[in-house]
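The values are calculated or read from the model by the stated rules, or taken from the named source; none is laboratory data. It should be emphasised that the depicted structure is a prediction, and the values quoted were computed from it without experimental measurement. So basically every Cβ, Gly included, is an ideal-geometry build from the backbone, and we count neighbours across all protein chains shown.
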Amino acid sequence: MYKSNIVMAWRKTNRGNYIIGSKCKECHALFFPSRTRCTKCESNKLEDYIFNGNGKIFAHSTVFYPPAGLEKQVPYTVAIIKLDEGPKMTAQVVEFDDLKVGMKVQSCVRELYSDGKSGIIHYGIKFRPSD
Amino acid sequence: MMFIRGVGMTKFGIQDVPSGQMIYESALEALGDCGISMNEIDAIVVSNNDIISNGERQRHSASMLSSLFQKKIPIVAVTSGCSGGGTALWTAIRLQKSGNYNNILVIGFEKMVSNLSSKVTDEMLMGAERLYEQSEGMNFPAANALVAQQYMSIYDATSDDLALVAYKNHQNGYLNPKARFYKKKISIDEIKKSPVVASPLRLFDCSIPANGAAALILSKEKSDIEVIGSAEETDYLAPFEREDMISWDASKKAAAEAYKQAGIYPDDIDVAELHDAFTSVELISYEDLGFCKKGEAKELIRKGITNLNGKLPVNTSGGLKAKGHPISATGISQIYELVKQMRNEAGERQVSNIKYAMAQNIGGAGSNVTVHILKKC
Ligand SMILES: [Zn+2]
């Protein structure tokens, strides 16, 4: 469904800056990634939901042999973050000294990867300690 | 009543031969094993992943087999990532239950190692969730590393425990002429000092790609090997979508269903081939399959219970770790090993007194799992 809400449209074009999932209008279940149908109550009345970006480290790993495109970031740390609102997501974690399960983190915008030396730089969500 | 009449497999390794040749070789061994001809095969179930980098680009594997064997019979292709072989067998068993086919040839094949290893890795990580994981720097080892990290921190399993799994499987693979690491000695020190790929997983915690094919003949005719349990279960693709990662629902459910069909308990299993895509997966599987309580897998490996001379030998073939992991061929090769063990044809790695054997084949990081239980008649 097309939304004319200007703020929402702007946010969507800056998708990388927000953790956008969806919320069921009937049972209020939250989802990440977005869905067009609620898997809890089968409703198809869902709206975009922007997560507040706060969460905790659920599991983490530091990668030394990366997929193509991330060579210059090695080593980098990936984690499963449990968002305060409930859903989990996978993201990189940056700017930490000692990473522990349960540690509070918040989202931030960082470079994800680039298409070669002179190519487009893709930005997206990473997490950093929030304390 | 369903029986396995014959098994065959190529050596798993880096031989650069066309897939067709590997398929032929494994199928002929399986036919020869039970002394029947291709004319007695009524249907084929085949599994393959169409690896983009192997230069073959043969998507229609069903029709390819028709040409290869010059047979115009029902041929069904089943693709299911790393669990392709197990899923092909699961499918063949249901086909056979329909009553229309006497002998079904089940084949898994994969050609992986003929190109740059970066290409192969790139292919393999497609087992990870595409949209929301891969752009975050996740690949298949990283997805499994997250699982291992959580499991190890909760249950106090250590990197040394993982090394013991790798060492055990390499010792077994050393004795298996069909294994990629046959007669290649790997020390515990080499394993512990290998580079970290994605913490806590080191290089020697990861299985090794290989080329290979494996085949079996499933039949209504009585043989010495009966299939008494066959289950498949599927879970969400990405680990982050699941409640927790320390046990895999698909594995637990498939095992429970297979035990129920077989009418036996975990204690009854005498030998098992488990999906050690990563050493941590073998540990978690001990628990999911009921071989020990939750969190106690480390005791099994520390006490040598799953060693070749232990109470429950696991991965006597060397497993994915040392035998090699040609994706779709792996699940069938597990059955090959179990049949060889049950017939006392496993040479230097022979285990004694087997009545019940189990094969567990996993696709993705616990995304789908098949469990098969065999009985020696
Ligand atoms: Zn709902």
| Going by the structure shown, is B:Y167 in a loop (DSSP other than H, G, I, E, B) and of a type in the set (F, W, Y)? | no
| task | Output the qualifying pairs, or none if there are none: Cβ atoms under 6 angstrom, residues six or more apart or on different chains, first residue in the range B:137-150 and without any contact (Cβ under 8 Å) to a residue 60 or more places away in the chain and outside any helix (DSSP H, G or I), second residue surrounded by 24 or more Cβ atoms within 10 Å (Cβ to Cβ) and aromatic (F, W, Y). | result | none
| Just a yes or no: is a residue in the range A:50-58 more than 16 Å from the ligand (Cβ to nearest atom), over 20 Å from B:A198 (Cα atoms) and at the interface with another protein chain (Cβ under 7 Å from one of its Cβ atoms)? | no
| Matching residues, the range B:3-19, being surrounded by 19 or more Cβ atoms within 10 Å (Cβ to Cβ) and either more than 23 Å from B:P209 (Cα to Cα) or not basic (K, R) (or both) | B:F3, B:I4, B:R5, B:G6, B:V7, B:G8, B:M9, B:T10, B:F12, B:G13, B:S19
| Could you list, in sequence order, the residues of the range A:79-131 that are farther than 18 Å from A:S61 by Cα, part of a loop (DSSP other than H, G, I, E, B) and small (G, A, S)? | A:G86, A:G116, A:S118, A:G119, A:S130
| query | Residues in the range B:330-366 that are surrounded by 24 or more Cβ atoms within 10 Å (Cβ to Cβ) and of a type in the set (S, T, Y): how many? | reply | 3
| request: Quick one: which residue in A:S34, A:S61 is within 14 Å of chain B (Cβ to nearest Cβ), away from the ligand (no atom under 16 Å from the Cβ) and at negative phi? | output: A:S61
| request: Identify the single condition in (1) under 14 Å from B:L105 (Cα atoms); (2) in contact with a Phe, Trp or Tyr (Cβ under 8 Å, 6 or more places away or on another chain) that B:N48 does not satisfy, given that it satisfies every other one. | output: (1)
| field | Residue match in the range A:98-121 (condition: over 22 Å from B:Q150 (Cα atoms), within 10 Å of chain B (Cβ to nearest Cβ) and modelled with pLDDT under 95) | value | yes
| request: Look at the range B:267-294 and say how many of its residues are loosely packed, with under 15 Cβ neighbours inside 10 Å and in contact with a Phe, Trp or Tyr (Cβ under 9 Å, 6 or more places away or on another chain). | output: 3
| Residue list for the range B:204-251, filter: of a type outside the set (D, E), closer than 19 Å to A:P87 by Cα and within 12 Å of chain A (Cβ to nearest Cβ) | B:Y236, B:L237, B:A238, B:P239, B:F240, B:R242, B:M245, B:I246
